[in-house]
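Scroll down for the structure; my scribbles are underneath it.
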Amino acid sequence: MTKGGARVARRGAKRIFRDWLAGFDQETAKRYDYAWRNFADFLGFREGHQAFGHLLRISPGEANYHAEKFKAHLDRRGLAPNTINVRISALRSLMREAQKLGKGQGLVCKGYPVIPFRDVRGPGLQEVKTVLFDLEQQSDAESLRDAAMIRLMFERGLRRAEVARLRYQDVSFRPPPAGIWILGKKRKEQEFCSMPKGSLRAVRDWMGLRGAWKGPLFCRMGLRGELFTEGLDGQGIYYVVRRRFREITGVPATPHGIRHTGATAAFELAKNIRDAQQWGRWGNLATAQHYDDAVKDQGGVLGEELSDLASAFEFDTEEEPQRRTGHGEEEGNG
């Protein structure tokens, strides 16, 4: 390839990279952009689009070699399988987009198999109640903001990305019923989600201090309590939840852990699995079934019953059965 052709290819790679990122929501775009910058650093480039352009210029075999080496590098660093999978998914997604445009080949390299719902317990119902009680006794804006976010994550199962995307104009107090318009996971359009009385009260209290200006519903705050127009992103919400639970209960927690705690309670209260599926807004029944199995641990329940059967074994006769020797002959009395 001539120098001029290489420059054109680099410009094309940068444009494809930019357009590809624009197709995701803010949180996903941030994670994927970071994944490509991480990959670029591994290859010795400064920017993600430069690493992408390099993959387009080399053979498919070499591209997969680099991806596999990157995966092994992340593994040696001790990153969790889910984290590694997100980074590999970012590489595969962009290369798949390039393949559609006739610019390259997709990657064969895949992430690690991950066990779904490894831990669905979350911090626990009592801990969530303790944190909410503590925050709702306060009158400062930060406590009211955090209480409203935790309410929505627990009572309606909102994911942190869904909380981060909420805007002032997404809240509707007009009955019936009052609720919020959320952009769910892998959705292109918003869907209406009603608010229970606890969430409704918490959101009202927060909005009363926040003010009626359009923008992110849950905004960032300064050290002195001043409100900023920028919204909390997913990472900011993660830090808020972790700090509040650590300070108030001493129990570690994450935003998804709060959703897990809500889901555990929802499966116990629901009349059937489809009701719980509607609460969690899972895309298919199989996902809800995985969650239900993990919560109820039916395998563990059956294991306990088998253990009881083994422990309560009784012989049919009063005499202990004769033992057999190693040669298959019964031991006699002499």
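Each reported figure results from applying straightforward, stated rules to the coordinates on display, with no laboratory input. Just so you know, these numbers come straight off a predicted model, no measurement behind them. Here the Cβ positions follow ideal geometry from the backbone for every residue, glycine too, while neighbour counts run over all protein chains shown.
Structure data summary
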read-out	value
Fraction of the pair-distance distribution of the range 3-100 above 20 Å, Cα-Cα pairs, percent	33 percent
Efficiency of FRET between SER59 and GLN169 - r from beta-carbon atoms, R0 41 angstrom, step 0.05	0.25
Fewest-first ranking of TRP206, TRP282, using other Cβ atoms within 10 Å as the exposure measure	TRP282, TRP206
Full-stretch length increase - LYS129, GLN278 - with 0.36 nm per residue and alpha-carbon distance subtracted	51.3 nm
Relative packing of peptides 211-222, 140-151, 53-64, 193-204 - highest average C-beta neighbours within 10 Å first	140-151, 193-204, 53-64, 211-222
Cα-based reach from LYS185 at 21 Å (exclusive), listing lysines while leaving out same-chain residues under 8 positions away	LYS30
Separation in nanometres of the label points that stand 7 Å from Cα toward Cβ, at ARG220 and ARG204	3.2 nm
Stretchable slack from PHE42 to ASP19, in nm (0.36 nm times residue separation minus alpha-carbon distance)	6.0 nm
Lysines with Cα under 20 Å of LYS103, excluding same-chain neighbours fewer than 8 positions away	LYS3, LYS14
Interatomic Cα distance distribution for the range 125-295, bins of 10 angstrom, percent	10, 39, 37, 12, 1
Largest-first principal axis extents, alpha carbons of the range 236-284, Å	37, 20, 9
Calculated FRET value between TRP181 and SER307, using beta carbons and R₀ = 56 Å, to 0.05	0.65
